[in-house]
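Below is one structure, written out as structure tokens; comments come after it.
The values are calculated or read from the model by the stated rules, or taken from the named source; none is laboratory data. The shown structure was predicted, so the numbers you read here are calculated from the model rather than taken from an experiment. Here the Cβ is made from the backbone with ideal geometry for all residues, glycine too, and neighbour counts use every protein chain on show. Just the protein is used for accessible areas: all its heavy atoms, side chains included, with ligands, DNA and RNA removed. Shrake-Rupley method; radii C 1.70, N 1.55, O 1.52, S 1.80 Å.
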Amino acid sequence: EAGVTQFPSHSVIEKGQTVTLRCDPISGHDNLYWYRRVMGKEIKFLLHFVKESKQDESGMPNNRFLAERTGGTYSTLKVQPAELEDSGVYFCASSQGLAYNEQFFGPGTRLTVL
Amino acid sequence: KQEVTQIPAALSVPEGENLVLNCSFTDSAIYNLQWFRQDPGKGLTSLLLIQSSQREQTSGRLNASLDKSSGRSTLYIAASQPGDSATYLCAVKGGSARQLTFGSGTQLTVLP
């Protein structure tokens, strides 16, 4: 069974540009999460989808970040326009069903904003 | 607001030693706690998941315990090997939220 995949693995962009990150969860997992780790900080929650619906987006830092999960399969996270402080590693995770189920993480996308 | 603390931040031990990593959390109303391993430049690998009703979980040389009332978990690694060198992260899922709250991790180095 394939794990959580993320694309691209690395992205280097200039301040003001737009970047779109993609996450493909484990097949059949209704729950999809985005997290990020910025330099020197803990991994922080961004948002949670249940199928195609946003369950919780309390961790989204501002309106430059837009997440979608059309059709309840893969998800995209767009940053527009990117700022220097957006640099970090963006992780995606997925889980089945209920709240107590294990979350499985992807390898992450390392974003560098110059 | 849930806060997760991991001590120590870094640990260096000789090969073969048994060791304990510590994790504490401020809000005991949790669903579960997960221990992860992260190798440099890689993603997170889930090691053990302990549900709030459980006291411990074991996988091979790893044993994780949970004391929910005191807000603590430990990860015990037996007979450490150089291949165990990585950053170990503790994360709790609590309350009405389904997201994980992470600690800052313990960077483990096992010397051959």
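Pull out a ≥ b ≥ c, the square roots of the eigenvalues of the alpha-carbon gyration tensor of region B:4-45, then state rounded if a/c is under 1.5, prolate if not and a/b is larger than b/c, and oblate in the remaining case. Taking the square roots of the gyration eigenvalues as a ≥ b ≥ c, region B:4-45 is oblate. Applied to region B:64-71, the Karplus parametrisation 6.51 cos²θ - 1.76 cosθ + 1.60 on θ = phi - 60° returns per-residue 3J(HN,Hα) values of 10, 10, 9, 10, 5, 5, 9, x Hz, with x for Gly and Pro. Maximal additional length on extending the A:Q96-A:R64 stretch stands at 8.6 nm, based on 0.36 nm per residue less the C-alpha distance.
Pairing chain B with chain A buries about 1700 Å² of accessible area. This figure sums both sides and uses a 1.4 Å probe. Rounded to the nearest 20 Debye, what is the dipole magnitude of region B:1-88 about its Cα centre when Lys and Arg each give +1 and Asp and Glu each give -1 at the C-beta? Computed charge dipole of region B:1-88: roughly 200 debye. Looking at chain A, the DSSP beta bridges with both ends there are about 90 percent antiparallel.
Taking the convex hull of the alpha carbon atoms in chain A, what volume per residue do you get, in Å³?
Given the Cα convex hull of chain A, per-residue volume reads 94 Å³.
Amide H contacts of A:K51: A:N31, A:L32, each under 5 Å away and 5 or more positions distant or on a separate chain (H built 1.01 Å from N in the peptide plane; Pro and chain starts excluded).
Using DSSP to call loops (not H, G, I, E or B), can you name the trypsin sites (Lys or Arg not before Pro) in region A:46-114 whose Cβ has at most 14 other Cβ atoms within 10 angstrom?
Qualifying residues, ordered by number: A:K51, A:R64.
Annotation: per residue accessible area for chain B equals 46 Å², rounded to a whole number [probe 1.4 Å, protein chains only]. Couplings for region B:75-80, taken from phi via the Karplus curve 6.51 cos²θ - 1.76 cosθ + 1.60 with θ = phi - 60°, read 10, 9, 10, 8, 6, 4 Hz in order; Gly and Pro are left as x.
Expressed in nm to one decimal, what extension gain is obtained for the pair B:Q54 and B:V20 from 0.36 nm per residue of sequence separation less their Cα-Cα distance?
10.3 nm
Phi angles of region B:31-37 translate, via the Karplus equation with coefficients 6.51, -1.76, 1.60 and θ = phi - 60°, into HN-Hα couplings of 7, 6, 9, 10, 9, 10, 10 Hz per residue; Gly and Pro are given as x. Excluding same-chain neighbours fewer than eight residues apart, the lysines reachable from B:K68 by a Cα-Cα span under 26 Å are A:K41, A:K44, B:K1, B:K93.
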